[in-house]
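Down below is the structure, laid out as structure tokens.
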Amino acid sequence: MLAAMLRRGAVIVLGLMFGCRTATPVQPASPVAQASAVSVAGPVRAPAGRVDAAKITVLSTMLADKGVGEWGFAALVEADGRRILFDTGARPDTVLRNAETLGIDLRTVTDVVLSHHHDDHVGGLMTLREAVVGQSPGALATVHVGAGMFAPRRIDGRDVNSMIAIKAAFERTGGKFVVHDKPTELGPGIWVTGPVPRVHPERNWSGSRKVEQGGAWVEDTLVEDQSLVLDTERGLVVLAGCGHAGLVNTVTHARASIRAAPVLAAIGGFHLFEADDEQLAWTAQQLRAVGLAEFYGGHCTGIEAVYRFRALLGFERRESLVAAVGGRYVLGEGIVPGALAH
């Protein structure tokens with residue numbers, strides 16, 4: 001199996017983009033229509049600008065130097081003066097408490113990007129919005145999601161998509177959702193990918209959930225899964241929540257739709273904690289082919305995957321690290337991990 005995957009990888013790398021020979025793509029589920037959500041079909045073109053200065057600070061993951069850890073993910077993205085909250089953690093108050101501990105003022109953050117509907121990424125949204133709306137009505141008021149976010153989901157017949165109820169409550173505060181079905185530039189060099197095509201055979205979901213599609217309940221492949229990408233002069237910085245679409249699929253999509261640049265850094269959760277040696281070796285080979293320079297893995301990435309990438313990609317210790325609350329990535333400086341994960 002590995003040999004076949006490596007042969008596929010070799011063919012792909014020889015092209016301008018590594019994504020032309022593929023497994024059969026997973027077909028996306030039809031999202032539930034939401035009358036009050038704004039639907040955006042973003043441009044697929046070369047962006048008008050590049051990000052010159054950026055910092056990404058982790059606000060929710062398991063390991064914590066300061067604040068509290070949890071099974072969840074969130075990060076504050078600061079890029080050329082623009083501040084965006086990416087995911088909101090699992091427990092209602094984790095990100096709020098950690099932001100206070102780290103001296104981060106969320107009242108100047110206008111936009112939120114949610115990677116997908118799972119509770120460990122959306123659990124803090126309402127608490128955060130309610131904490132800032134009184135003083136700053138425009139704070140955390142616009143939430144960007146991938147198409148399919150509000151589709152009904154079930155496990156053993158039980159409804160599990162909390163985003164349906166969250167949407168109604170959030171909109172009552174004056175906030176709005178923007179639904180993206182294609183890559184969209186939120187600001188010069190700041191992109192959301194929208195749903196990521198599954199062109200490589202990465203299966204990064206449990207299979208336990210069902211999603212309603214065309215009146216039937218089918219396997220939930222988390223078609224809404226999206227990432228945030230910063231396009232910098234040195235390359236692309238990719239930020240993911242869980243990477244259910246697959247890390248290789250995500251960087252393939254980013255390079256095909258934003259810019260065919262090296263991947264400077266991959267940060268966040270990538271759902272590799274259960275990956276076997278074969279999958280990790282294949283993933284590392286694909287990342288080497290696109291020039292990955294730094295890897296900052298948190299949440300569901302798994303500690304072993306971080307260390308394995310360090311060995312497989314020939315990274316120094318400072319180039320492949322486990323993410324921790326309070327740790328950060330700074331464009332031009334690299335990963336600033338904090339004491340525990342150093």
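Tabulated data for the structure shown
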| read-out | value |
| --- | --- |
| Any chance GLY268 is touching a residue at least 60 places away in the same chain (Cβ under 8 Å), under 13 Å from THR61 (Cβ atoms) and either part of a helix (DSSP H, G or I) or not aliphatic (A, V, I, L, M) (or both) | yes |
| Selection status of HIS117, in contact with a strand residue (DSSP E or B) (Cβ under 8 Å, 6 or more places away or on another chain), in a loop (DSSP other than H, G, I, E, B) and on the phi < 0 side of the Ramachandran plot | yes |
| Residue selected from the stretch 268-290 under the condition of a type in the set (A, V, I, L, M, F, W, C) and out of contact with any Cys (no Cβ under 8 Å at 6 or more places or on another chain), by the criterion surrounded by the fewest Cβ atoms within 10 Å (Cβ to Cβ) | ALA281 |
| Which numbered condition VAL196 fails, given (1) in a strand (DSSP E or B); (2) within 17 Å of the chain's Cα centre (by Cα); (3) crowded, with 24+ Cβ neighbours inside 10 Å | (1) |
| Flag for MET126 being at pLDDT 95 or above, assigned to a helix (DSSP H, G or I) and surrounded by 17 or more Cβ atoms within 10 Å (Cβ to Cβ) | yes |
| Lone qualifier among ALA293, ALA261, ALA265 - being touching a strand residue (DSSP E or B) at 6+ places or on another chain (Cβ under 7 Å) and surrounded by 21 or more Cβ atoms within 10 Å (Cβ to Cβ) | ALA265 |
| Residues of the stretch 136-148 that turn out to be in contact with a helix residue (DSSP H, G or I) (Cβ under 6 Å, 6 or more places away or on another chain) and either more than 19 Å from ALA75 (Cβ to Cβ) or acidic (Asp, Glu) (or both), as a count | 1 |
| Test set (1) modelled with pLDDT under 95; (2) surrounded by 24 or more Cβ atoms within 10 Å (Cβ to Cβ) - VAL218 fails condition number | (2) |
| Residue in the stretch 164-175 that is closer than 18 Å to GLY243 by Cα and either in a strand (DSSP E or B) or not hydroxyl-bearing (Ser, Thr, Tyr) (or both) present | no |
| Single unsatisfied condition, GLY189 versus (1) within 20 Å of the chain's Cα centre (by Cα); (2) under 30 Å from GLY134 (Cβ atoms) | (2) |
| Qualifying positions in the stretch 219-239 - in contact with a strand residue (DSSP E or B) (Cβ under 6 Å, 6 or more places away or on another chain) and hydrophobic (A, V, I, L, M, F, W, C) | LEU228, VAL229, LEU230, LEU236, VAL237, VAL238, LEU239 |
| Test for LYS167: is it over 20 Å from GLY72 (Cβ atoms), in contact (Cβ under 8 Å) with a residue 40 or more places away in the chain and among the basic types (Lys, Arg) | no |
| Unique residue being more than 18 Å from ALA245 (Cβ to Cβ) and at pLDDT 95 or above when the list is ALA341, ALA266, ALA281 | ALA281 |
| Test set (1) closer than 28 Å to TRP217 by Cα; (2) part of a loop (DSSP other than H, G, I, E, B) - ALA139 fails condition number | (1) |
| Sole residue being touching a Ser or Thr at 6+ places or on another chain (Cβ under 8 Å) and more than 26 Å from GLY103 (Cα to Cα), chosen from GLU278, GLU294 | GLU294 |
| Cβ-Cβ under 6 Å pairs, at least 6 apart or on other chains, the stretch 214-243 side farther than 22 Å from ALA79 by Cα, far side of a type in the set (Val, Ile, Thr) | ASP220/VAL211; THR221/VAL26 |
| Boolean, VAL179 is closer than 21 Å to LEU236 by Cα and either at pLDDT 95 or above or assigned to a helix (DSSP H, G or I) (or both) | no |
| Top-ranked residue in the stretch 81-100 [being more than 18 Å from the chain's Cα centre (by Cα), free of Cβ contacts under 8 Å to residues at least 60 places away in the same chain and assigned to a helix (DSSP H, G or I); ranked as surrounded by the fewest Cβ atoms within 10 Å (Cβ to Cβ)] | GLU100 |
| Any chance THR232 is surrounded by 24 or more Cβ atoms within 10 Å (Cβ to Cβ) and at pLDDT 95 or above | no |
| In the stretch 272-309, residue farthest from the chain's Cα centre (by Cα) [restricted to those that are over 21 Å from ARG328 (Cβ atoms) and among the aromatic types (Phe, Trp, Tyr)] | TRP282 |
| ARG308 more than 26 Å from THR88 (Cα to Cα), in contact (Cβ under 8 Å) with a residue 24 or more places away in the chain and basic (Lys, Arg) | yes |
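The values are calculated or read from the model by the stated rules, or taken from the named source; none is laboratory data. Predicted model, so just to flag it, every value in this text is computed and none were measured. All Cβ positions, glycine included, derive from the backbone under ideal geometry; neighbour counts span all protein chains shown.
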